[in-house]
Amino acid sequence: AQSVTQLGSHVSVSEGALVLLRCNYSSSVPPYLFWYVQYPNQGLQLLLKYTTGATLVKGINGFEAEFKKSETSFHLTKPSAHMSDAAEYFCAPYGNNRLAFGKGNQVVVIP
Amino acid sequence: GAGVSQSPSNKVTEKGKDVELRCDPISGHTALYWYRQSLGQGLEFLIYFQGNSAPDKSGLPSDRFSAERTGGSVSTLTIQRTQQEDSAVYLCASTSTGYSNQPQHFGDGTRLSIL
């Protein structure tokens with residue numbers, strides 16, 4: 001079964017600083033990979049996805065992620081954090097009829 | 001509506017009661033998923049429907065949980081004889097097809113509290 005590791009349940013970042021959220025997946029077969037964001041009391045919203053093709057993927061709100069097969073990673077970045085980026089972020093591969101979510105990163109943006 | 005709709009948004013019930021949670025997927029979406037989000041377990045898959053195929057029920061935690069999807073559209077998740085550990089947010093998602101590269105569109109969830 002697919003699984004992912006997201007380190008650091010809580011991540012604090014200063015406004016304007018780089019946001020880096022790490023995601024490593026377990027499978028030797030590159031899966032389809034997704035990053036979702038969840039704002040308080042809301043469902044999950046797609047940030048970006050990797051399926052095939054270009055390994056650098058751009059998403060909404062200035063986020064991007066790079067798929068690195070050799071490192072089995074799909075880290076999420078944003079060059080400059082904004083207060084509105086405060087939310088919980090989930091990395092998830094798709095396989096076996098489901099998304100297999102990581103434990104998530106709660107991002108706090110410090111003014 | 002344009003998005004996935006779930007009702008009720010909040011449900012409080014007593015231990016031992018049955019509950020029904022409803023999901024209206026995006027119109028025309030053939031695939032529908034249920035997930036559960038709890039503090040202890042994170043986001044867990046429950047069940048997957050695709051068209052007229054038999055559902056994948058492999059994520060249902062016990063036989064107290066069941067789900068159906070009528071007419072290929074609306075889905076109902078039923079929990080019988082609720083227990084306190086069933087307290088969680090239940091999320092529904094749909095995709096336009098059953099292909100794995102399609103992003104899932106999520107509703108805002110039903111927050112279930114078992115007293």
Exercise for the section: Would you jot down the residues in segment A:86-109 that end up with at least 40 Å² less accessible area in the complete protein assembly than in the chain alone, with a 1.4 Å probe? Expected result: A:Y94, A:N97, A:R98, A:L99, A:F101
Exercise for the section: Over the alpha-carbon set of segment B:19-115, work out the extent along each principal axis and list the three values in angstrom, largest first. Expected result: 37, 22, 21
Practice task
Return the Rg/Rh value of chain A, two decimal places, where both radii are evaluated on C-alpha atoms and Rh is the Kirkwood radius.
Solution key: 0.95
Completion exercise
Taking the chain alone as reference and the full protein assembly as comparison, with a 1.4 Å probe on protein heavy atoms only, the residues of segment B:79-115 that lose at least 40 Å² of accessible area are B:S100, B:N101, B:P103, B:Q104, B:F106, B:D108
Completion exercise
Expressed as a whole-number percentage, the relative contact order of chain A with C-alpha contacts under 8 angstrom and at least six residues apart is 39
Problem - Alpha-carbon centroids, segment A:80-111 and segment B:53-112: separation in whole Å - result: 21
Handout entry: Shielding score for B:37-44, defined as the mean number of other chain Cβ atoms within 10 Å
Key = 3
Exercise for the section: For the protein assembly as shown, state what percent of all Cα-Cα pairs lands in each successive 5 Å bin, counting from 0 Å until the bin that includes the largest distance. Expected result: 1, 7, 14, 18, 18, 16, 12, 7, 4, 1, 0
Fill in the blank from the handout: If each K or R counts +1 and each D or E counts -1, the residues other than A:N41 whose Cβ falls under 12 Å of its Cβ total -1
Exercise for the section: Hand me the tally of lysine pairs in the protein assembly as shown: alpha carbons under 16 angstrom apart, and the pair either on different chains or 8 or more positions apart. Expected result: 6
Handout entry: Exposure rank, largest accessible area first [A:H10, A:H75; 1.4 Å]
Key = A:H10, A:H75
Completion exercise
If each K or R counts +1 and each D or E counts -1, the residues other than A:E66 whose Cβ falls under 15 Å of its Cβ total +4
Exercise for the section: Using a cut-off of 11 Å between beta-carbons, work out the net charge of the residues near B:P55 (Lys and Arg +1, Asp and Glu -1, B:P55 not included). Expected result: 0
Exercise for the section: Over the protein assembly as shown, give the accessible area per residue in Å² for a 1.4 Å probe, as an integer. Expected result: 48
Problem - Buried accessible area, chains B and A (both chains, 1.4 Å probe, Å² to nearest 100) - result: 1600
Completion exercise
In whole percent, the fraction of accessible protein surface over the protein assembly as shown that belongs to carbon or sulfur atoms, probe radius 1.4 Å, stands at 48
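The values are calculated or read from the model by the stated rules, or taken from the named source; none is laboratory data. Quick caveat: nothing in here was measured; it's all calculated off a predicted structure. Every residue, glycine as well, gets a Cβ built from its backbone with ideal geometry; the counts of neighbours run over all protein chains shown. These accessible areas exclude ligands, DNA and RNA; they are computed on the full protein's heavy atoms, side chains included. Shrake-Rupley method; radii C 1.70, N 1.55, O 1.52, S 1.80 Å.
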